1. Filter region 106-119 for residues that are out of contact with any Lys or Arg (no Cβ under 8 Å at 6 or more places or on another chain) and under 24 Å from Leu135 (Cα atoms) and give the result.
2. Hey, among the residues in region 5-56 that are among the aromatic types (Phe, Trp, Tyr) and over 21 Å from Ile138 (Cβ atoms), which one's nearest to the chain's Cα centre (by Cα)?
3. Cβ-Cβ under 6 Å, sequence separation 6+ or interchain: first residue in region 211-237 and among the acidic types (Asp, Glu) and modelled with pLDDT of 95 or more, partner open to solvent by less than 50 Å² (accessible area, probe 1.4 Å) and in a helix (DSSP H, G or I). Which pairs?
4. Which of the residues that make up region 271-311 are assigned to a helix (DSSP H, G or I), under 22 Å from Asp223 (Cβ atoms) and open to solvent by less than 80 Å² (accessible area, probe 1.4 Å)?
5. For the structure I just gave you, tell me whether Thr121 is among the polar types (S, T, N, Q), surrounded by 19 or more Cβ atoms within 10 Å (Cβ to Cβ), at pLDDT 95 or above and not in a helix (DSSP H, G or I).
6. Of all residues in region 59-102 being of a type in the set (Phe, Trp, Tyr) and without any contact (Cβ under 8 Å) to a residue 60 or more places away in the chain, which is nearest to Asn3 (Cα to Cα)?
7. With respect to Leu94, is the statement that it is modelled with pLDDT of 95 or more and open to solvent by less than 20 Å² (accessible area, probe 1.4 Å) true?
8. Just to check your reading of the model, which residue among Ser315, Ser329 is at pLDDT below 65 and either more than 25 Å from Leu213 (Cα to Cα) or out of contact with any Cys (no Cβ under 7 Å at 6 or more places or on another chain) (or both)?
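The values are calculated or read from the model by the stated rules, or taken from the named source; none is laboratory data. If you're wondering where the values come from, they're calculated on a predicted model, not measured in any experiment. Note: ideal-geometry Cβ built from the backbone for every residue, glycine included; neighbour counts use all protein chains shown. The area values use the complete protein model at the heavy-atom level, side chains included, leaving out ligands, DNA and RNA. Shrake-Rupley method; radii C 1.70, N 1.55, O 1.52, S 1.80 Å.
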Amino acid sequence: MKNIFGMTLEELQEELGSFRLPKYRTRQIMEWMYKKYAKDFSGMTNLPETLRKSLAAKYMIVTPVLQDRLDASDGRTSKFLLLFPDGVAVESVLMRQPYGNSVCISTQAGCNMGCSFCASTLHGLTRNLTAGEMLGEILFIEELLEMEDKKIDTMVLMGSGEPLMNYDHVVHFLRLLHEEYVLNLGYRNITLSTSGIVPAIDRLAEEGMPVTLSISLHAPREDLRSMLMPINQKYPMSDVVAAGCRYAKKTGRRVTYEYILIRDVNDGEREAEELAALLLGQIANVNLIPINAVPERGFHRPEEERVEAFVRALSRRRIAATVRRERGSDIQAACGQLRNRHLSNDTILR
């Protein structure tokens, strides 16, 4: 049987062509799947019973199920390990912020970018996620929030995986999420994080979706970035930053540069000066992230005084920077940590 979860209205209308349904019937099915979280056709009570049985004989509604959940002690961050029918699992995170509820989702199961500080890449890439699977992550959390009379306000594609290496599925997902019959989430409420896949950044700029682009920089010079992020050998930092400039110019959206601060690696006065010189004159912000340490990686978080000194060094050079305090450190909120724990116990497939 064929899974229809993740289809657009037009795709489903075409798929159900042999049923000769009026468009309002297709919309009813969409509403059941995406607004009422239906997992099968039997409960779609405004559809004729004969139609429900005919649909159930040919189609499925496949969504992820909860494999594990961790809640931070402060009650603001929850991490979910969601399992798909083929045994592959991914992590999604709900962050309850003062300005609303933000969700961080994965776009791939695992990652093959090889960043030396990241847990997601420890077991490599298992596979890409489909648009429907990414939507399943979002609607799982939206359904939970609806029970609290709340909703998702913003979304970040910063979980496991490189979104721009799963380009077609990600763009399909973003367009679907924007539809009024799904979440009607504005593109300006979406942030996509990339390690810097230059051709895909330029392609994304032409899509007409003004999402915020967040570029993982993590170093101010080529040799250091290559050590931390092997992808730099294919797409050098200078080319990545130039692509960020083109994206900002084309979309009118300010680019954010993510910079993980690692003690005695990239958190010194020299690195702050080099970073300021690299970004001088750009329409950009710097998001500094003291590393949420991954034991297998051997990197450590810098002292608070060193973080503050880095911020002051950038400020003196007129570079806008904020410090993002990692939430959920007590629940393994860094990308990939919960999934890796289950992988080590052989409870999910790689």
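1. Let us first name the residues in region 106-119 that are out of contact with any Lys or Arg (no Cβ under 8 Å at 6 or more places or on another chain), namely 106-107, 111-115.
If the condition is that a residue be out of contact with any Lys or Arg (no Cβ under 8 Å at 6 or more places or on another chain) and under 24 Å from Leu135 (Cα atoms), then Ser106, Thr107, Cys111, Asn112, Met113 are the ones that fit.
2. Phe41
3. As it stands, the answer is Glu222/Met237, since those pairs meet every condition given.
4. Kept after step one, since they are assigned to a helix (DSSP H, G or I), are these residues of region 271-311: 271-279, 304-311.
The next check asks that each one be under 22 Å from Asp223 (Cβ atoms); those that pass are 271-279, 306, 310.
If the condition is that a residue be assigned to a helix (DSSP H, G or I), under 22 Å from Asp223 (Cβ atoms) and open to solvent by less than 80 Å² (accessible area, probe 1.4 Å), then Glu271, Ala272, Glu274, Leu275, Ala276, Ala277, Leu278, Leu279, Phe310 are the ones that fit.
5. Working: among the polar types (S, T, N, Q): yes; surrounded by 19 or more Cβ atoms within 10 Å (Cβ to Cβ): yes; at pLDDT 95 or above: no; not in a helix (DSSP H, G or I): yes.
No.
6. By that ranking, first place goes to Tyr59.
7. Numbers: modelled with pLDDT of 95 or more: yes; open to solvent by less than 20 Å² (accessible area, probe 1.4 Å): yes.
So Leu94 fits the description; yes.
8. On the way: Ser315 fails: at pLDDT below 65.
So the residue among Ser315, Ser329 that is at pLDDT below 65 and either more than 25 Å from Leu213 (Cα to Cα) or out of contact with any Cys (no Cβ under 7 Å at 6 or more places or on another chain) (or both) is Ser329.
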